[in-house]
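Here is the structure we will look at.
The values are calculated or read from the model by the stated rules, or taken from the named source; none is laboratory data. Just so it is clear, the structure is predicted and the values come from calculations on it, not from any experiment. Using ideal geometry, Cβ is built from the backbone for each residue, glycine included, and neighbour counts are taken over all protein chains shown. All accessible areas refer to the heavy atoms of the entire protein, side chains included, with ligands and DNA or RNA removed. Shrake-Rupley method; radii C 1.70, N 1.55, O 1.52, S 1.80 Å.
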Amino acid sequence: MRRLLTFPCQDGMLSGTLDEGHRAIGVLMVTGGSQTRIGSHRFSERLAKALADDGYSCFRFDRRGVGDSSGEDPGYRNSAADIAAAAATLRAEAPGAARLVGLGLCDGATALALHGADAELTDVILINPWLVEAASGEPPPAAIRSHYRRRLLSVSGWKKLLTGKVNLRKLASGMRKAGSATDTSLAEEAARGLRRLGRPATLILATGDATATAAAAEVARPTFAGLIEGRPVEIDTDSHTFARPGDQEAVTAAVLRTLASKEA
């Protein structure tokens, strides 16, 4: 059953959607950017339905100032109160869900890493988390390095280089950006938040997405030692929001495997 709910959070009233299930694990979904709880191309709505069909109560919400919720938008960095209020509502409305798992995409995943402990979540699933504050309009340096590595290791890339079909000025500029220092402050904040959570996070990454590539580079650093469960789950797509054919099904399968492992 799907129910629409409203609940208070500081200066606003938040709107949420609960897809009910019967299992002992509930899922709190946090969308990225200023997306509403439906998600880009209905990603969140479709994922919530699939999880509920498998028995997991799933709650999506609009944070303050977004979608159907009132108040001033605090942004993902300052959304601790919104996440905590949504978690409390899920506990009250789905009392059979004794454990809550947070699931977020992009900076929704970052918000869960930062604030999941404050909401007393049991675990978090981070999908393409935003861990590097790149320059406006530019991909993170790790993503640029990955792009040029793929080109230089490909036969077609070398053919273009040797036949003069590569813009050398553009190549030089890209290589300079690839070698620039990465601002790790946001990643370090996220790591501190995950450490407070006390359990390693599950990481799901799109193989061809710049944000995911940057996240993979960050979680490989010593700062994240012990904070990620095993190896990241990779989805073969370049779509940040999993809009390609088969993407949604692949993410759903990965999430269901993760939730099943936490029931064992």
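From the set of residues in the range 51-97 that are touching a Pro at 6+ places or on another chain (Cβ under 9 Å) and among the basic types (Lys, Arg), which is most open to solvent (accessible area, probe 1.4 Å)?
So in the range 51-97, the residues touching a Pro at 6+ places or on another chain (Cβ under 9 Å) come out as 63-65, 80-82, 85.
Now narrow it down to the ones that are among the basic types (Lys, Arg): 63-64.
On the way: 63: 37, 64: 16 Å².
Once the filter is applied, the top-ranked residue is 63.
Out of the range 9-33, which residues are small (Gly, Ala, Ser), modelled with pLDDT of 95 or more and open to solvent by 10 Å² or more (accessible area, probe 1.4 Å)?
Within the range 9-33, 15, 21, 24 meet the criteria.
Give the residues of the range 210-264 that are more than 15 Å from residue 44 (Cα to Cα), in contact with a His (Cβ under 9 Å, 6 or more places away or on another chain), open to solvent by 10 Å² or more (accessible area, probe 1.4 Å) and of a type outside the set (S, T, N, Q), sorted by residue number.
Result: 210, single match.
Only one residue in 176, 196 is modelled with pLDDT under 95, more than 22 Å from residue 251 (Cα to Cα) and not in a strand (DSSP E or B). Which one?
Numbers: 196 fails: modelled with pLDDT under 95.
Selected residue: 176, the only one of 176, 196 that is modelled with pLDDT under 95, more than 22 Å from residue 251 (Cα to Cα) and not in a strand (DSSP E or B).
List every residue pair whose Cβ atoms lie under 9 Å apart, where the two residues are 6 or more positions apart in sequence or sit on different chains, the first residue falls within the range 41-57 and is modelled with pLDDT under 95, and the second residue, located anywhere, is open to solvent by less than 10 Å² (accessible area, probe 1.4 Å).
Cβ pairs passing all conditions: 41/242.
Determine whether residue 262 is at pLDDT below 95 and more than 22 Å from residue 25 (Cβ to Cβ).
Values: at pLDDT below 95: yes; more than 22 Å from residue 25 (Cβ to Cβ): no.
Taking the combined requirement at face value, the residue does not satisfy it.
Looking for whichever is open to solvent by 40 Å² or more (accessible area, probe 1.4 Å) and over 20 Å from the mean Cα position of the chain (by Cα) here; the options are 36, 6. Which one fits? Don't jump to the end; show me each part of the working.
Numbers: 36 fails: over 20 Å from the mean Cα position of the chain (by Cα).
Only one candidate passes the filter, namely 6.
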